[in-house]
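Right, one structure below, let's go through it.
The values are calculated or read from the model by the stated rules, or taken from the named source; none is laboratory data. Keep in mind that what you see is a predicted model, and the values were worked out from it rather than measured. When we count neighbours, we look across all protein chains shown, and the Cβ atoms used for this are built from the backbone with ideal geometry, even at glycine. Calculation scope for accessible area: heavy atoms of the full protein, side chains included, ligands and nucleic acids excluded. Shrake-Rupley method; radii C 1.70, N 1.55, O 1.52, S 1.80 Å.
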Amino acid sequence: TDFPSEWAMTQNNLGSAYTQRIKEDKAQNIEQAIKACKKALQVYNETDFPSEWAMTQNNLGSAYTQRIKEDKAQNIEQAIKACKKALQVYNETDFPSEWAMTQNNLGSAYRDKMIGDKDQNIEQAIKAYKKALQGYAETGFSFEWAMTHNNLGIAYSNRIRGDKAQNIEAAIAAYEQALLVLTQTDFPIYWAGTQHNLGTAYIYRTRGDKAQNIEAAITVFQQALLVCTLEADPMAHLRTTNNLGYLYFANQKWQLAAENYEKAIAAVELSRSWATTDDRRQEIIAEAISVYQNLVQTYINLKQW
């Protein structure tokens with residue numbers, strides 16, 4: 001009532017914080033982010049607050065991209081819709097950095113889009129990421145430039161068109177570009193995430209020596225775990241230890257596989273303890289059921305009945 005624009009700005013910032021929150025239940029954090037952005041939009045409209053409206057639409061799009069609750073396909077459609085609304089105001093000439101940021105978020109939404117042709121969706125994602133890189137290069141936003149390279153690497157890893165081997169090489173090149181800026185010292189969390197993505201690309205790499213690619217993957221996953229500890233980020237810890245378990249399992253290194261699968265399960269259990277509903281706790285188990293299955297087989301191979 002008394003400070004509508006300041007209230008809206010704070011709601012928008014609260015939404016951004018909830019979107020990036022690591023502690024507590026991820027699904028509930030995203031719901032809080034969406035709720036806060038929608039409150040901001042009760043004040044911000046395209047006519048009276050065009051740049052603030054566009055900023056909040058962009059943040060809302062980011063939240064919908066990460067949303068766990070409700071229908072995944074529809075969440076992504078909402079994300080694309082919100083990003084496109086933001087781009088009605090943000091243009092490359094007047095808002096180069098904001099335009100680039102929104103193109104990056106639009107790329108992430110298209111990368112995850114489930115409705116329509118998957119092949120075309122990935123191409124749209126790559127196109128949007130390249131636009132974002134163009135904008136960031138012109139404005140000197142090095143961190144955002146690096147994060148977009150990380151996202152572009154994910155898109156190339158999932159790309160259907162073109163030669164698969166070449167797409168993986170393009171993904172690796174994009175991750176390596178990102179790591180020029182995302183150092184362990186300056187951006188530890190983002191450095192670890194990019195290291196994880198690089199390791200995943202090495203798993204699927206077909207060029208070069210297979211054994212060397214696997215060793216490279218193990219090395220970068222182990223590097224990522226320097227930051228992605230169980231306490232700091234259980235979901236990232238889960239992804240990375242699960243991948244290490246898989247690599248050791250595939251190479252019949254049963255004890256190392258068991259050790260990493262056990263770490264992954266500890267991360268699952270911590271994430272479940274943060275969940276606020278029984279349904280979400282059940283979803284977390286369902287998403288990680290292969291970890292339990294693989295650990296059972298690993299114990300059998302070790303004769304640890």
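Work out the charge dipole of the chain with +1 on the Cβ of Lys and Arg and -1 on the Cβ of Asp and Glu about the Cα centre, then indicate which of Ala79, Gly193, Gln212 is farthest towards its positive end.
Checking the options against the dipole of the chain, the answer is Gln212.
Keeping all protein chains in the complex and leaving out DNA, RNA and ligands, what accessible area do you get for Phe3 with a 1.4 Å probe, in Å² to the nearest 10?
We get 140 Å² for Phe3.
In vacuum, with every alpha carbon of the stretch 12-62 counted as one equal point scatterer, what does the Debye formula give for log10 I(q)/I(0) at q = 0.16, 0.20, 0.24 Å⁻¹? Two decimals, please.
With no solvent term, the Cα-only Debye profile gives -0.41, -0.59, -0.77.
Could you work out the helix-only [θ] at 222 nm for the chain, with each DSSP H run of four or more residues adding -39,500 (n - 2.57) and the total divided by the number of residues, to the nearest 500 deg cm²/dmol? Kindly include the intermediate steps, with their values, before the conclusion.
On the way: 14 runs with 229 residues, N = 305.
After summing the helix terms and dividing by residue count, I get -25000 deg cm²/dmol.
Using the Karplus curve 6.51 cos²θ - 1.76 cosθ + 1.60 with θ = phi - 60°, what ³J(HN,Hα) values do you get for each residue of the stretch 114-130, in whole Hz, with x for Gly and Pro?
The phi angles translate into 9, 8, x, 7, 4, 4, 5, 4, 5, 5, 5, 5, 4, 4, 5, 4, 5 Hz.
Accessible area per residue of the stretch 239-283 at 1.4 Å probe, in Å²? Each step should come with its number before you reach the end.
Working: 2310 Å² over 45 residues.
Heavy-atom accessible area per residue stands at 51 Å².
Of Lys118/Lys164; Lys131/Lys210; Lys26/Lys303; Lys72/Lys130; Lys81/Lys118; Lys164/Lys253, which sit over 27 Å apart, Cα to Cα?
Values: Lys118/Lys164 15 Å; Lys131/Lys210 34 Å; Lys26/Lys303 37 Å; Lys72/Lys130 25 Å; Lys81/Lys118 18 Å; Lys164/Lys253 29 Å.
Violating the 27 Å limit, Cα to Cα: Lys131/Lys210; Lys26/Lys303; Lys164/Lys253.
Which value, in debye to the nearest 20, describes the size of the charge dipole of the chain about its Cα centre when Lys and Arg Cβ atoms bear +1, Asp and Glu Cβ atoms bear -1, and nothing else is charged? List each step's numbers first, then the result.
Working: 31 positive and 35 negative charges, 176 e Å.
Taking the Cα centre of the chain as origin, the dipole is about 840 debye.
What is the gain in length, in nm to one decimal, between Glu215 and Lys130 on full extension, counting 0.36 nm per residue of separation less the C-alpha to C-alpha distance? All intermediate terms of the calculation are to be shown ahead of the outcome.
Values: separation 85, 0.36 × 85 = 30.60 nm, distance 3.07 nm.
Roughly 27.5 nm would be gained on extension.
In whole angstrom, how far apart do the alpha carbon centroids of the stretch 114-189 and the stretch 245-305 sit?
The stretch 114-189 and the stretch 245-305 have Cα centres separated by 30 Å.
Could you compute the FRET efficiency for Asp279 and Thr47, with r as their C-beta to C-beta distance and R0 at 30 Å, rounded to 0.05?
On the way: r = 41 Å, r/R0 = 1.35.
Calculated value: 0.15.
Just how large is the dipole of the stretch 165-263 about the Cα centre, in debye to the nearest 20, putting +1 at every Lys and Arg Cβ and -1 at every Asp and Glu Cβ? Intermediate results must be reported in sequence, preceding the final value.
Numbers: 6 positive and 9 negative charges, 59 e Å.
In debye, rounded to 20, the stretch 165-263 gives about 280.
State the answer as a single residue: which of Leu247, Met101, Ala275 lies farthest towards the positive end of the charge dipole of the chain, with beta carbon charges of +1 for Lys and Arg and -1 for Asp and Glu, about the Cα centre.
In the chain, that residue is Leu247.
Accessible area, 1.4 Å probe, largest first: how do Thr1, Thr219, Thr194 sort? Mind dumping the intermediate values first?
Details: Thr1 170, Thr219 75, Thr194 0 Å².
In descending accessible area the options line up as Thr1, Thr219, Thr194.
Within the accessible area of the chain, what % is carbon and sulfur when the probe is 1.4 Å and the other protein chains stay in place? Please list the in-between numbers first.
On the way: 7580 of 14940 Å².
With neighbouring chains kept in place, the figure for the chain is 51 percent.
With viscosity set to 0.890 mPa s at 25 °C, what whole-number translational diffusion coefficient in µm²/s follows for the chain from Stokes-Einstein and a Kirkwood radius over Cα pairs?
Values: Rh = 20.6 Å.
Translational D for this selection: 119 µm²/s.
Over the stretch 127-185, average the accessible area per residue using a 1.4 Å probe and give it in Å², no decimals. Provide the component values of the computation, followed by the final result.
Values: 2670 Å² over 59 residues.
That works out to 45 Å² for each residue.
Less than 14 Å apart at the alpha-carbon level, and either on another chain or at least 8 residues along: which aspartates and glutamates does that give for Lys263?
Once the sequence-local aspartates and glutamates are set aside, what remains near Lys263 is Glu231, Asp233.
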